[in-house]
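Written out below as C-alpha cells is the structure these notes cover.
The values are calculated or read from the model by the stated rules, or taken from the named source; none is laboratory data. Here the structure is a predicted model, which is why all the values come from computation and not from measurement. Counting neighbours? That spans all protein chains shown, and the Cβs are built from the backbone with ideal geometry, glycine included. Protein only, heavy atoms only, side chains kept; ligands, DNA and RNA dropped before computing areas. Shrake-Rupley method; radii C 1.70, N 1.55, O 1.52, S 1.80 Å.
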Amino acid sequence: MYLSEFTKGRNNNLNILRFIAAVCVIVSHSIPLSRGGDYADGLSVYTGGRLSLGGVAVGLFFVTGGYLIAKSAETKKNFKNYFTARCIRIFPELIFVTVILALLAGPVFSVLTPSNYYKDMGTWKYLLNCIFVLQHNLPGVFVENIYGATVNGPLWTLPVEFMCYIMCFCAYKLKFFSQKKFKYTIPLAVLAGIISTCFFNTFMIAVIRPVLLFYIGMGMYVYRNKIVLEQKMGILSIILFIISILLKADIIAMYFFFPYMVYYIAFGIKYKYDSFGQKWEISYGMYLWGWPVGQTLCMLFGGQMNWVVNMILTLFIAIGLGGVNDYVVNRRIKKYTERVRKKH
C-alpha cells in the first residue's frame, strides 16, 4: 500500500510518537540543566554534539509536520484559512505559558523584590516571546542555577517551525506540490544539507536539520502516491538508522533513514494506538513547560541536582501542566471555533 492510503483518517500512532518525543526532549534537557552546560545526553556525547536525543525528538516533530502541514495547505487553500489554523495551533499555548512565567512565576522565583521585578524592562521584554522575538532571561530568575539563567531554551524551534509554515504555503501557491515541479527543488535542499554539514557549527546544524526534515515531510506528501510503506523496508530503515548512529554517521541516519522509519512506525505498522491523546493534547504543552520546570527544580535544590531525579519530577509536572494547557487553552479555543463554524 502507498503512503497516501495509510495516511487517510486518524488511524495512526502520531499522538503517541509526539508524546514520546516530548518525553525525550525533557530527558535530554534534564542533564545539562542539572549538571551544567558542559554535560549532555549520551547520544550528543557520542556524536560530538551534532545530534542529541532532543534533536531526534525535534526531528520527529518536523518530519511529520511537513506532511501534515502540506496537507493542510491543500485543504485550507487560501491564506486566511491556512494561517488561522496554524496560528491557533502554535500561539495560544505559547502566550499562556509565557505570560504565566513572566507575570506570575517570575516574581516568585526572582531574587529581586516584586516591586523591582515588575519595574525591570526585562520582565516586559520577555513577553516578546509571544511573537517569536526570543528573550531568554527574566530579571533575577534562575541566576544561581548551574546551567545559567535561561528561562525557556527550546522556544528557538518555534520561529523555525513558523518559517517552515510560510515556506510550505509559498510552495503550494507556486504549484510546487506538483511532482513535476517539486523535483527541481531537491538539488537546492541537497546543497543546503551539504553546506550546513561541511561548513556550519553544531548549533547551526541543529537549526537547519529540522527545516530540511520538514522539507522531506513535504516531499513525502507530494509523492505520497508513489511511496510504498511495507514491513521489510520499515524494519530495514530502523536497522540502518541504528547502524548509522553507531558508526557516527548521524547525518546519513537523520536524512536518509529517519523519515521512512518515522512514517513506518506512525502509519505502517499493524498495531496502532490511535486512541492515545484523543482526550488530552499535552505534547506541545509538555514541550513548552519542560525546560522552565527543570530549571525551577534545580533552583529549589540549590542550583544543581541529580539529573535522574530532575528528569522524573519534570516529566510528572510537565505532563500535568500540559493537561492544564489543554483544559484552559485548547478546549476553549475548540469550543469557540465550533461556535464560529455553526454561525457560518
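A residue that is within 23 Å of LEU14 (Cβ to Cβ), open to solvent by 20 Å² or more (accessible area, probe 1.4 Å) and either part of a helix (DSSP H, G or I) or out of contact with any Gly (no Cβ under 8 Å at 6 or more places or on another chain) (or both) cannot be found anywhere in the stretch 300-312. Assess whether GLU338 counts as being among the charged types (D, E, K, R), in a helix (DSSP H, G or I) and open to solvent by 20 Å² or more (accessible area, probe 1.4 Å). Answer is yes for this residue.
Among the residues in the stretch 59-72, are any out of contact with any Gly (no Cβ under 9 Å at 6 or more places or on another chain) and of a type in the set (Gly, Ala, Ser)? Taking every residue of the stretch 59-72 in turn, at least one turns out to be out of contact with any Gly (no Cβ under 9 Å at 6 or more places or on another chain) and of a type in the set (Gly, Ala, Ser). Looking at SER283, SER237, just one residue is in contact (Cβ under 8 Å) with a residue 40 or more places away in the chain and open to solvent by less than 30 Å² (accessible area, probe 1.4 Å), and that residue is SER283. Residues that are hydroxyl-bearing (Ser, Thr, Tyr), open to solvent by less than 10 Å² (accessible area, probe 1.4 Å) and at pLDDT 95 or above number at least 1 in the following helices (runs of 4 or more DSSP H) confined to the stretch 1-76: 14-35, 53-76.
If the condition is being more than 30 Å from LYS272 (Cβ to Cβ), among the aromatic types (Phe, Trp, Tyr) and within 21 Å of the chain's Cα centre (by Cα), then the stretch 1-57 contributes no residue at all.
So ILE88 ticks every box in (1) of a type in the set (A, V, I, L, M, F, W, C); (2) assigned to a helix (DSSP H, G or I); (3) modelled with pLDDT of 95 or more but one. Which box is left unticked? Against the list (1) of a type in the set (A, V, I, L, M, F, W, C); (2) assigned to a helix (DSSP H, G or I); (3) modelled with pLDDT of 95 or more, ILE88 comes up short only on (3). Quick one: would you say LEU17 is touching a Leu at 6+ places or on another chain (Cβ under 8 Å) and over 29 Å from TRP280 (Cα atoms)? In short, no.
Determine, yes or no, whether ALA105 is farther than 23 Å from GLY219 by Cα and either in a helix (DSSP H, G or I) or not basic (Lys, Arg) (or both). Considered against the rule, which asks whether it is farther than 23 Å from GLY219 by Cα and either in a helix (DSSP H, G or I) or not basic (Lys, Arg) (or both), ALA105 comes out as yes. Checking each residue of the stretch 147-159 against the condition of being open to solvent by 70 Å² or more (accessible area, probe 1.4 Å), at pLDDT 95 or above and among the β-branched types (Val, Ile, Thr) gives no match.
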